[in-house]
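Here's the structure we're looking at; comments come further down.
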Amino acid sequence: MLSRIYVDNYKSLVNFELKVGSINLLLGPNGAGKSSVFEVLRKLRDFIGGASLDSWFDDSSRTRWQTLRIQTFELELGNEQGLYQYELAIEHDETGQKRRVKHERLGMDGNPLLRFEQGDLHLYRDDYSAGPIYPFDWNRSAVASIPSRPDNKKMARFRERIQKLIVTQSVPALMASDSNQEDAVPGKYLENFVSWYRYLSQDQGLSLAVTDALRRILPGFDHFEFKSYGEKNRGLKAYFSQPGIKELGYTFDELSDGQKTLMALYTLLLAAQKYEYILCLDEPENFLALPEIRPWLVELYDLCEEGKIQAVLISHHPEMIDYLLASPVGYWFDRQDNLAVRVKPIQAEEDGGLSVSELIARGWLHD
Amino acid sequence: MTDYTSIVLLCEDRQQEVFARHFLMSRGIEKHQIYPDINPKGKGAGEQYVREKYPRYVKSYRKKANNLSNALVVLTDADNLTVQARLQRLDDELQKSGEPPRAPKERIGLFVPKRNIETWIHFLKNPPVNEEKVYQKFHRDESVCKPYVTALAQNYRQPLPETAPASLKTACRELPRIFPDEV
């Protein structure tokens with residue numbers, strides 16, 4: 001489980017720390033830095049997945065009012081073996097045109113697993129004994145590049161775990177109905193949902209679970225089917241049936257925005273449960289009808305509370321706020337004078353006053 | 001089994017919600033058919049929230065043309081009152097709002113743990129309990145009750161042990177209102 005995120009010198013995140021639990025709701029006004037946290041998580045996932053530094057952390061991502069040229073990112077992530085600590089520092093040059101990894105470190109419970117500093121990569125074994133040292137690329141993640149071996153399983157597990165971060169927001173208008181490949185990870189706006197579902201549908205158990213869940217929540221839904229168009233292209237069709245009416249198939253783009261979103265949200269839940277994804281969802285309730293929000297949310301809450309998945313949500317919706325904040329899982333993001341983000345746990349007062357969602361709507365929370 | 005469209009679950013806090021929702025699900029109600037309404041933080045006392053909202057739900061429930069496919073499940077702790085006194089307060093609230101008392105066939109179930117929901121959970125985990133005593137809460141670990149609630153739900157037709165809290169016995173007598181076809 002992801003337990004801590006630390007960011008310094010990235011957009012409005014300066015000396016920023018967030019400690020998270022199994023379910024978390026990030027709240028705050030627009031521009032308060034909530035989505036920047038998600039952006040950082042997505043970039044770290046992709047960097048640790050092998051993307052080059054230049055493609056992800058350009059000079060414009062540094063905090064504008066600071067002159068500091070170093071950006072720092074830290075993650076803490078626990079599993080049954082211990083607590084991983086990951087640190088990445090990126091140094092930008094004076095021109096803003098070039099950048100390099102100043103250091104990248106991975107450890108567990110305070111012991112080293114990997115250390116890249118000043119151009120040298122220090123490797124450690126699973127028992128934390130020192131391994132080889134050699135020069136390494138300043139522009140790539142060492143964690144991404146080291147092949148898995150029998151004596152570095154801890155590092156390899158961290159790399160796999162980080163790839164389980166799903167950072168996304170449903171924008172149904174962008175969801176293509178065709179797919180020319182399988183995608184292992186849903187995109188920023190779930191625009192590749194059909195390609196991701198194509199990837200997931202290789203797992204028949206998961207496909208059946210998704211079908212079963214959608215039959216329960218979408219009136220008349222029967223099943224999905226991929227139709228081949230040419231060698232690689234597949235289009236996703238959703239079939240609906242009603243008593244006395246012939247089964248009707250609809251291409252994915254013929255579905256409503258709400259139907260697409262519901263399908264995506266339930267697929268996310270079931271896939272997360274099966275593959276231990278960490279879900280970071282930005283305004284997941286968008287496009288849903290009011291009665292559809294709470295059943296999905298209750299399902300998500302149960303899975304998180306039972307330790308089966310972890311979720312970090314951003315939402316402005318009272319249905320989400322009032323249900324989730326019956327437990328102390330909320331964090332309020334704020335920026336004084338448009339400067340650095342400050343975050344604090346939401347401590348509701350038992351004073352017989354307004355609910356948290358009402359306080360937020362009136363601008364009275366932490367006023 | 002009763003084919004419900006929706007069951008509204010009106011309760012004071014997360015623990016009551018987890019307990020009641022899990023009970024309903026163990027009796028075959030689908031998760032998506034249950035709409036929890038928990039006292040939102042900041043609204044003050046949970047008891048007051050439930051008491052004030054109860055007549056509004058009853059009014060809306062009665063206006064629905066086919067109210068047999070809907071149900072209202074209400075949980076409120078007795079705290080330092082008796083179960084009867086707490087139920088009386090709910091009845092008084094109905095009367096104040098101009099609504100008649102609950103009719104026997106209305107699918108409105110009132111469940112009043114004494115002293116509170118934790119008393120029932122401690123009983124299910126490790127009997128006996130004292131209904132006057134305040135038991136420890138399961139803060140951020142509310143689902144600890146689930147296996148015990150499942151067992152309770154599966155055996156609810158059987159008489160509870162002698163040592164069961166009186167408030168739990170009273171609550172079990174409310175269940176036919178929600179599951180009339182199973183009696």
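Quick note: the coordinates plus some simple rules give every number you see, no bench work behind them. It should be emphasised that the depicted structure is a prediction, and the values quoted were computed from it without experimental measurement. FYI the Cβ positions are ideal-geometry reconstructions off the backbone, even for glycines, and counts take in every protein chain you see.
Under 16 Å of direct C-alpha separation, and excluding same-chain neighbours fewer than eight residues apart, B:Lys63 reaches these aspartates and glutamates: B:Glu99, B:Glu106. To the nearest ten degrees, helix A:204-217 and the longest principal axis of the Cα atoms of chain A are 60 degrees apart. By the compact-protein rule of thumb, 2.2 N^0.38 Å, the alpha-carbon radius of gyration of chain B corresponds to a ratio of 0.97. Computed from the alpha carbon positions, the gyration tensor of segment A:299-342 leads to an equivalent ellipsoid with semi-axes of 25, 12, 8 Å, biggest first.
Specify, per residue and in Å³, the volume enclosed by the convex hull of the alpha carbon atoms belonging to segment A:64-120.
Details: hull volume 5.3 nm³, N = 57.
Residue-normalised Cα hull volume stands at 93 Å³.
Once the convex hull of all Cα atoms in the protein assembly as shown is built, its volume per residue stands at 184 Å³.
The alpha-carbon of B:Lys41 sits under 15 angstrom from the alpha-carbons of these aspartates and glutamates, leaving out residues fewer than 8 places away in its chain: A:Glu319, A:Asp322, A:Glu349, A:Glu350, A:Asp351, A:Glu358, B:Glu12, B:Asp13, B:Glu17.
Largest first and in whole Å, what are the equivalent-ellipsoid semi-axes of segment A:240-367 based on the Cα gyration tensor, each being the root of 5 times an eigenvalue?
Equivalent ellipsoid of segment A:240-367: 33, 17, 15 Å, largest first.
Under the Kirkwood approximation for Rh and a Cα-based Rg, what ratio Rg/Rh is obtained for segment A:161-211?
Details: Rg = 11.1 Å, Rh = 11.4 Å.
Using only Cα positions, Rg/Rh for segment A:161-211 is 0.97.
For segment A:115-171, the convex hull drawn through the C-alpha positions has a volume of 104 cubic angstrom per residue. Segment A:170-204 and segment A:50-95 have Cα centres lying 28 Å from one another. When the Cα gyration tensor is reduced to axis lengths a ≥ b ≥ c, the ratio a/c is 1.5 or higher for segment A:3-134, and with a/b not above b/c it is classed as oblate. Each principal axis of the Cα cloud of segment A:35-91 was evaluated for its coordinate range; sorted largest first, these ranges are 40, 22, 22 Å.
Across chain A, the mean sequence separation of Cα contacts (distance under 8 Å, 6 or more residues apart), normalised by length, yields a relative contact order of 18 percent.
To check you understand DSSP bridge types, tell me what percent of the beta bridges within segment A:248-367 (both residues inside) are antiparallel, rounded to 5.
Numbers: 5 of 10 bridges.
Once the DSSP bridges in segment A:248-367 are tallied, antiparallel ones form about 50 percent.
Would you mind computing Rg(Cα) / (2.2 N^0.38 Å) for segment B:54-103, counting N as its residues? Before the final figure, lay out the partial values.
Values: Rg = 12.0 Å, N = 50, 2.2 N^0.38 = 9.7 Å.
Ratio of Rg to 2.2 N^0.38 Å for segment B:54-103: 1.24.
Length, then width, then depth: along the principal axes, the Cα atoms of segment A:232-286 run 41, 30, 20 Å. Panel order for A:Ile217, A:Ile48, by other beta carbons found within 10 Å of each beta carbon, from fewest to most: A:Ile217, A:Ile48. Across the cross-link table entries A:Lys19/B:Lys125; A:Lys153/B:Lys146; A:Lys164/B:Lys146; A:Lys34/A:Lys188; A:Lys43/A:Lys227, which are compared at the Cα atoms, the separations over 24 Å belong to A:Lys19/B:Lys125; A:Lys153/B:Lys146; A:Lys164/B:Lys146; A:Lys43/A:Lys227.
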